[in-house]
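Notes follow once the structure below has been shown.
The values are calculated or read from the model by the stated rules, or taken from the named source; none is laboratory data. Predicted model, so just to flag it, every value in this text is computed and none were measured. So basically every Cβ, Gly included, is an ideal-geometry build from the backbone, and we count neighbours across all protein chains shown.
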Amino acid sequence: MLNILSELLAYDFIVRAVAVGLMVSLCASLLGVSLVLKRYSMIGDGLGHVAFGALCIAVAFNMAPLLVSVPVVITAAILLLKMRDNLRIKGDAAIAVISSSALAIGIIATSLTKGMNIDIYNYMFGSILAMDDQDVYLGMGLSVAVLLLFAVLYNVIFTVTFDEDFARATGVNVGFYNTLIAVLTAVTIVVGMRIMGTLLISSLIVFPSLTAMRLYSSFKGVVICSGIVSTICFFVGIVLSYSLDIPVGASIVVLNLAAFLIFFAAGSLKKYF
Amino acid sequence: MTVLEAENVSVEYDGVPALKNVSFRIEKGEYLAVVGENGSGKSTLIKAILGLTELSSGMIRLNGGIKKSEIGYLPQQTEVQKDFPARVDEVVLSGCLASSGIFPFYASKDKKLAVNSMELLEIASIRKRSFRELSGGQQQRVLLARALCSAKAMLVLDEPAAGLDPLISSEFYFLLRKLNEEGLTIIMVSHDIEAAKENADKILHLGTNIFFFGSADEYLRSETGKRFSGENAKYSK
């Protein structure tokens, strides 16, 4: 085990991937608690697809990937939130439409310029080779923002998540907090999808909080537990991916599934004692 | 002393009137029930009082130095709350958010206030339990305790007895009565006209082409009151 670890950490690109990945998994799990409870889980999936489309277009036109995808995905996140509030368009249908459209546009852009290639495969399923210094900085900025948000505004986040109407009546600017969470989620997804892949990124948001909710019945407990579960699953996932030579995104998702099942069983047992 | 005054209040959603020319006033310590069928604008009126929706005309004024943050609010329960992992004391304490100012942290006086309102509503013994595991009646008490944390001047309730069985809802009305007798001003929206007549001092009846505002006794003698009590009696048989 120690051998594998020292072997792993000898590679610069793996150290970068582990650093960014740990930060992203922490952010995703914290934001995920609020998103899952508010029934916004699918937003992660939709934004992952939008990020894929943006990434393909950026590469096709030789532009900096982050420069294109960050603003595009943030815009999409805000749009999806607005659609959720506007009852005339159903939020889940909107996400399905946006997901497949973004995917289609991205694939066409790539196949017209460079042909379907290894890039597409990496965007879909993730790769730990994808992280550069820019990702490290963005990941660091993001984690600072998310951790500050939860440390300073924890009570507001609880109130907004539990009861928007009550929060509004209390004088909280609910729209602002929803937008803030959407923007941070968008950045989390842009950074995280390069490791996790378009198809798997939403699991980083959804799984940890669902897992934590099996055992913990307080909001604080769920927030803390999902942060811990998420970072552990990420780290073990990356080690497993390296030692078994399996795709990193899939390895992390399967570990999250295992954690969920264990917590589910423990939660069911707890009811009997 | 008049604590809240509404004059010719109208609210429109996308040009469709939801509330038309409603006027009423409530004195300190009074218990006002807002009744009327679904879609008559009861919830809209509550939102207007709380400043959650804009008036298209008219005005609502708080008197006697009451601030908006001193109104306690018990909204209708939402889908989200059914499986929400939150402890009872976490939920109740969140009622203190309004008074916490720019820095949203709870001081020890807030925690004391939360404990007091839990004791008042007899839920102190379940304070460590999860909100989602409670019965409907217990959940409603928790939300009322949360509202009490910010109800320094007034308590506003939106259909507090919806979904409760008759015994639990009469217990709940009894609790409200008790709070009112201790001096708390209450505005309650309800479609339960019987309970409104029994408990409230004043009744505001909203509806298409119907409008009544006056004391509960006057309401019983009024055309509207007779008609709706009659209808209620018919339904209950």
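Points to keep in mind about this one:
- Residue match in the stretch B:158-173 (condition: assigned to a helix (DSSP H, G or I), crowded, with 21+ Cβ neighbours inside 10 Å, on the phi < 0 side of the Ramachandran plot and not aromatic (Phe, Trp, Tyr)): no
- Any hit, the stretch A:186-195, residues being over 15 Å from A:Val50 (Cβ atoms), at pLDDT below 95 and in a helix (DSSP H, G or I): yes
- Members of the stretch A:163-183 that are hydrophobic (A, V, I, L, M, F, W, C), farther than 17 Å from A:Leu37 by Cα and more than 8 Å from chain B (Cβ to nearest Cβ): A:Phe176, A:Val183
- Matching option when the condition is aliphatic (A, V, I, L, M) and buried (at least 18 other Cβ atoms within 10 Å of the Cβ), among A:Val97, A:Val144, A:Val136, A:Val68: A:Val68
- Residue-level analysis places A:Gly237 among those that are in contact with a Ser or Thr (Cβ under 7 Å, 6 or more places away or on another chain) and more than 22 Å from B:Arg87 (Cβ to Cβ).
- Which numbered condition A:Val72 fails, given (1) of a type in the set (A, V, I, L, M, F, W, C); (2) in contact with a Gly (Cβ under 9 Å, 6 or more places away or on another chain); (3) not in a helix (DSSP H, G or I): (3)
- Checked against (1) assigned to a helix (DSSP H, G or I); (2) modelled with pLDDT of 85 or more, B:Gly183 passes all but a single condition, namely (1).
- Conditions (1) more than 14 Å from every other protein chain (Cβ to nearest Cβ); (2) at pLDDT below 95; (3) closer than 23 Å to B:Glu79 by Cβ; number of the one not met by A:Thr198: (3)
- When the stretch B:104-124 is filtered for residues that are of a type in the set (A, V, I, L, M, F, W, C), at pLDDT below 90 and under 24 Å from B:Phe172 (Cα atoms), the ones remaining, listed by number, are B:Leu120, B:Leu121.
- Filtering the stretch B:47-97 to residues that are closer than 17 Å to B:Leu184 by Cα, touching a Ser or Thr at 6+ places or on another chain (Cβ under 9 Å) and buried (at least 21 other Cβ atoms within 10 Å of the Cβ) leaves B:Ile71, B:Gly72, B:Tyr73, B:Gly95.
- Failed item, numbered, when A:Asn155 is tested on (1) under 17 Å from B:Pro104 (Cα atoms); (2) surrounded by fewer than 16 Cβ atoms within 10 Å (Cβ to Cβ); (3) within 14 Å of chain B (Cβ to nearest Cβ); (4) not aromatic (Phe, Trp, Tyr): (2)
- Among the residues of the stretch A:210-224, those identified as of a type outside the set (Phe, Trp, Tyr), part of a helix (DSSP H, G or I) and within 10 Å of another protein chain (Cβ to nearest Cβ) are A:Ala212, A:Met213, A:Arg214, A:Leu215, A:Lys220, A:Gly221, A:Val222, A:Val223.
- Meets criteria (surrounded by fewer than 16 Cβ atoms within 10 Å (Cβ to Cβ), within 14 Å of another protein chain (Cβ to nearest Cβ), touching a strand residue (DSSP E or B) at 6+ places or on another chain (Cβ under 8 Å) and farther than 18 Å from B:Gln77 by Cβ) for B:Lys128: yes
- Cβ-Cβ under 7 Å pairs, at least 6 apart or on other chains, the stretch B:2-15 side touching a residue at least 60 places away in the same chain (Cβ under 8 Å), far side in a loop (DSSP other than H, G, I, E, B) and among the small types (Gly, Ala, Ser): B:Val3/B:Gly64; B:Val3/B:Ala153
- The residues on offer are A:Val146, A:Val160, and the sole one that is part of a helix (DSSP H, G or I), of a type in the set (Val, Ile, Thr) and within 13 Å of chain B (Cβ to nearest Cβ) is A:Val160.
- Among (1) within 14 Å of another protein chain (Cβ to nearest Cβ); (2) surrounded by 20 or more Cβ atoms within 10 Å (Cβ to Cβ); (3) modelled with pLDDT under 90 - the single one A:Met131 does not satisfy: (1)
- Considering the stretch B:70-123, and only residues there that are of a type in the set (Asp, Glu) and closer than 18 Å to A:Val152 by Cα, the residue that is nearest to the other protein chains (Cβ to nearest Cβ) turns out to be B:Glu90.
- Filtered by the rule that a residue be farther than 19 Å from A:Val50 by Cα and part of a helix (DSSP H, G or I), the stretch A:119-138 gives A:Ile128, A:Leu129, A:Asp133, A:Gln134, A:Val136, A:Tyr137.
- Considering the conditions (1) within 20 Å of B:Glu159 (Cβ to Cβ); (2) within 11 Å of chain A (Cβ to nearest Cβ), B:Ser40 is excluded by exactly one of them, (2).
- Test result for A:Gly141, within 23 Å of A:Val73 (Cβ to Cβ), within 14 Å of chain B (Cβ to nearest Cβ) and at pLDDT 90 or above: no
- Candidate set from the stretch A:118-128 (those that are over 17 Å from A:Val24 (Cα atoms) and touching a residue at least 12 places away in the same chain (Cβ under 8 Å)); member that is nearest to the other protein chains (Cβ to nearest Cβ): A:Met124
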